[in-house]
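Before any comments, here is the structure.
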Amino acid sequence: MRLNKYIAESGIASRRKAEELIEQGRVSINGKVITKLATIVDPENDTVAVDGEKLKQQKKLYFLLNKPKGVITTTKDEKGRKSVTDLIQTKEKIFPVGRLDYNTTGVLLITNDGDFTNKVLHPKNKIERTYKAKLDSDLSDEHIQILSKGIQLDDRKSRFTKIEFDKISSRKVVLVTTVEGRNHFVKRMFLTLGYTVKELERISFGNFTCNGIPKGNYVQLSQKDINKFLGEKY
């Protein structure tokens, strides 16, 4: 493992900050000061220290929360509102994977693994998200076609990969699937065509759902769960 990654995974600094620490001569391996960024460390056998203090690898934690209304998905809030991280019982520093609006509910991953977060949120990985949206009026066939083929949003073509109705008898409750993770994406897509989203719930993120998890509750995920989510062999 590269030294900067090892330092980052100890939880004391980001990879970029870790590189600064190395270049400043503040990092040692087995008692020897290291200043080369490309240095490789053996987590099982090497002792890494910053400013003389031995580092320990931070245990990776992953949680699946059924986000309720009225909580924010940032770790700090100037208004003092409750954060999703306040709902998780752990002493470790954790953060949400992406965001859901204040009153949007449903599937939200929370972790302390920055590499996992970056991988999940990178657009090239195209992880599907499915939302249940309650609209202020019936969604027309014409607009279904437009949303499926794509519309201009933020100066680029944007679309839902799948559109279904939650109930045959109603066209106001719509299930939409997308690989987009932009802020307010679902609401802004509908708003472009004149619809207001009155309620929004994310019902799946990749292969994760909150089936059986009450609002405001969570489960801790295993490394096996995460590997399966990422599509890796285990």
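The values are calculated or read from the model by the stated rules, or taken from the named source; none is laboratory data. Keep in mind the model is a prediction, meaning the values are calculated, not measured. Counting neighbours? That spans all protein chains shown, and the Cβs are built from the backbone with ideal geometry, glycine included.
Quick look at the values:
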item: Selection status of residue 187, touching an Asp or Glu at 6+ places or on another chain (Cβ under 8 Å), modelled with pLDDT of 95 or more and in a helix (DSSP H, G or I); result: yes
item: Candidates 177, 192, 196, 130, filtered to the one that is hydroxyl-bearing (Ser, Thr, Tyr), loosely packed, with under 15 Cβ neighbours inside 10 Å and either more than 30 Å from residue 228 (Cβ to Cβ) or in contact with a strand residue (DSSP E or B) (Cβ under 7 Å, 6 or more places away or on another chain) (or both); result: 196
item: Residues (under 17 Å from residue 197 (Cα atoms) and assigned to a helix (DSSP H, G or I)) located in segment 147-160; result: 147
item: Test set (1) modelled with pLDDT of 95 or more; (2) not in a strand (DSSP E or B) - residue 202 fails condition number; result: (2)
item: Exclusive hit being modelled with pLDDT of 95 or more and out of contact with any Lys or Arg (no Cβ under 8 Å at 6 or more places or on another chain), set 141, 136, 155, 77; result: 141
item: Tabulated pairs, segment 148-166, first assigned by TED's automatic domain parsing to the domain that holds residue 194, second exposed (fewer than 12 other Cβ atoms within 10 Å of the Cβ) and at pLDDT 95 or above, C-beta under 7 angstrom, 6+ apart or interchain; result: 159/149
item: Breaking point among (1) more than 27 Å from residue 61 (Cβ to Cβ); (2) assigned to a strand (DSSP E or B); (3) touching a helix residue (DSSP H, G or I) at 6+ places or on another chain (Cβ under 8 Å), for residue 173; result: (3)
item: Failed condition for residue 14, given (1) hydroxyl-bearing (Ser, Thr, Tyr); (2) farther than 21 Å from residue 116 by Cβ; (3) within 31 Å of the chain's Cα centre (by Cα); result: (2)
item: Filter pass, residue 229 being in contact with a Lys or Arg (Cβ under 8 Å, 6 or more places away or on another chain), closer than 27 Å to residue 83 by Cα and not in a strand (DSSP E or B); result: no
item: Residues being touching a strand residue (DSSP E or B) at 6+ places or on another chain (Cβ under 9 Å) and assigned to a loop (DSSP other than H, G, I, E, B) - total across segment 112-127; result: 3
item: Matching residues, segment 2-33, being part of a loop (DSSP other than H, G, I, E, B) and either at pLDDT below 95 or exposed (fewer than 15 other Cβ atoms within 10 Å of the Cβ) (or both); result: 10, 11, 12, 13, 14, 24, 25, 30, 31
item: Unique match (being surrounded by fewer than 17 Cβ atoms within 10 Å (Cβ to Cβ) and either in contact with a strand residue (DSSP E or B) (Cβ under 6 Å, 6 or more places away or on another chain) or not in a loop (DSSP other than H, G, I, E, B) (or both)) among 42, 77, 46; result: 46
item: Total residues in segment 49-67, condition touching a helix residue (DSSP H, G or I) at 6+ places or on another chain (Cβ under 8 Å) and assigned to a loop (DSSP other than H, G, I, E, B); result: 4
item: Failed item in (1) touching a Ser or Thr at 6+ places or on another chain (Cβ under 7 Å); (2) of a type outside the set (A, V, I, L, M); (3) surrounded by fewer than 16 Cβ atoms within 10 Å (Cβ to Cβ), with residue 184 passing the rest; result: (1)
item: Odd one out for residue 95, checked against (1) under 24 Å from residue 227 (Cβ atoms); (2) in contact (Cβ under 8 Å) with a residue 40 or more places away in the chain; result: (2)
